[in-house]
Amino acid sequence: MSDETTEPASDAAPAKAPAVSPRALARRRRRASVARFWREYRRHRAGVLGLAALGLFALVALTAPLTVGSDVDNVTDAPGQPLESPSGRFPLGTDQFGRNLLGLLIWGSRVSLLVGLLAAALSVTIGALIGITAGHFRGWYATVMMRITDWFLVMPTLVLAIVLATVLSRSLGTIVLAIGVTTWPTTARLVRAQTLAVESRPYIERAKALGGGHWHIMSRHVLPNVMPLILAQTTLIISSAILAEATLAFLGLGDPGVVSWGGLLQDAREAGSVSSGDWWYLVPPGIGIAVVALAFTLCGRAVEAVLNPRLGVSR
């Protein structure tokens, strides 16, 4: 037997790196996209300020059961006297029943934010569905859908919402439905225009030639390309939905069994706070509505500027 040992080949091929699965690659790309979006978003000071304000309001709303308790709207066991001015015990005074207005304001943020989010989600869902299908199928279907959209556009949104809220039962679900089904036309128009632009691209023709059906084209190719527009539109609609909820509640069309910012304004009007000068009953709910609506608007404009830099929104 030979005593020589075999030396390993010096020019052996290096080990191949493990193959990355398509799902892992997709997750990596999504994380990179989110990180890039956040870097661009942070450059917009107004958008960051609006996001911070929304985070604060969300924290206050989520912790309301711990900070003020669920019995803050109890009329029979009110802690103070009717219409007390602000003091150390009641920083924002009391309402016409002697309830703590600061606690009512915190508790009402839950309802106002919830109704705004749900109504905006319903509105964007209807608008995106009609816009994508009208842009994809075209023909008589698109004509009918766009004529219905035009009819809703020319009709006053608030009047339609008031009619629905008057005919249906007075509940939060009615308010969400009334706002959602009257504010979708703008989203439908924008999404349809973007869908037409996406469907004219060459890769859509290749997908059709390879046998891609209508659902495949709309869900796998069109929807991901219009989703940034839908996201930006959602943030803008939420502010309008919160204002609409406050308006309906102020007109007495909200749910009388729940506390909301618009309901507080309606109670203040009924108590005669405008003529008697009880400003602490009117100003805090109004400021809350204005600040939240402004915060969502700032976030929406920042998202629009990030997703479409050609808009030239100032930072």
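The values are calculated or read from the model by the stated rules, or taken from the named source; none is laboratory data. Since the model is a prediction, treat every value here as computed from it, not as a measurement. Counting neighbours? That spans all protein chains shown, and the Cβs are built from the backbone with ideal geometry, glycine included. In case anyone asks, the SASA skips ligands and DNA or RNA and just uses the protein heavy atoms, side chains included. Shrake-Rupley method; radii C 1.70, N 1.55, O 1.52, S 1.80 Å.
The table for this structure:
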{"item": "Of the trypsin sites (Lys or Arg not before Pro) in the stretch 38-128, those whose Cβ has at most 11 other Cβ within 10 Å and which sit in DSSP loop", "result": "89"}
{"item": "Helix axis angle, 223-250 relative to the chain longest principal axis, alpha carbon, degrees", "result": "10"}
{"item": "Anisotropy class of the stretch 224-274 from Cα gyration tensor, a/c 1.5 cut", "result": "prolate"}
{"item": "Probe 1.4 Å, accessible area per residue of the stretch 93-142, Å²", "result": "35"}
{"item": "Accessible-area order (highest first, 1.4 angstrom probe) of the listed residues 66, 282", "result": "66, 282"}
{"item": "Using alpha-carbon coordinates, inclination of helix 185-199 to the longest axis of the chain, degrees", "result": "10"}
{"item": "Prolate/oblate/rounded call for the chain, Cα gyration tensor, a/c under 1.5 rounded", "result": "oblate"}
{"item": "Solvent-accessible area, 1.4 Å probe, carbon plus sulfur percent, for the chain", "result": "64"}
{"item": "Rounded if a/c under 1.5, otherwise prolate or oblate - the stretch 234-315, Cα gyration tensor axes", "result": "prolate"}
{"item": "Accessible surface, the stretch 208-293, averaged per residue in Å² (probe 1.4 Å)", "result": "45"}
{"item": "Rounded to the nearest 10 Å², the accessible area of residue 237 at probe 1.4 Å", "result": "20"}
{"item": "Peptide ranges 205-217, 152-164 listed from the most packed, as the mean C-beta count within 10 angstrom indicates", "result": "152-164, 205-217"}
{"item": "Between helix 157-167 and the chain: long-axis angle, C-alpha atoms, 0 to 90°, nearest 10", "result": "70"}
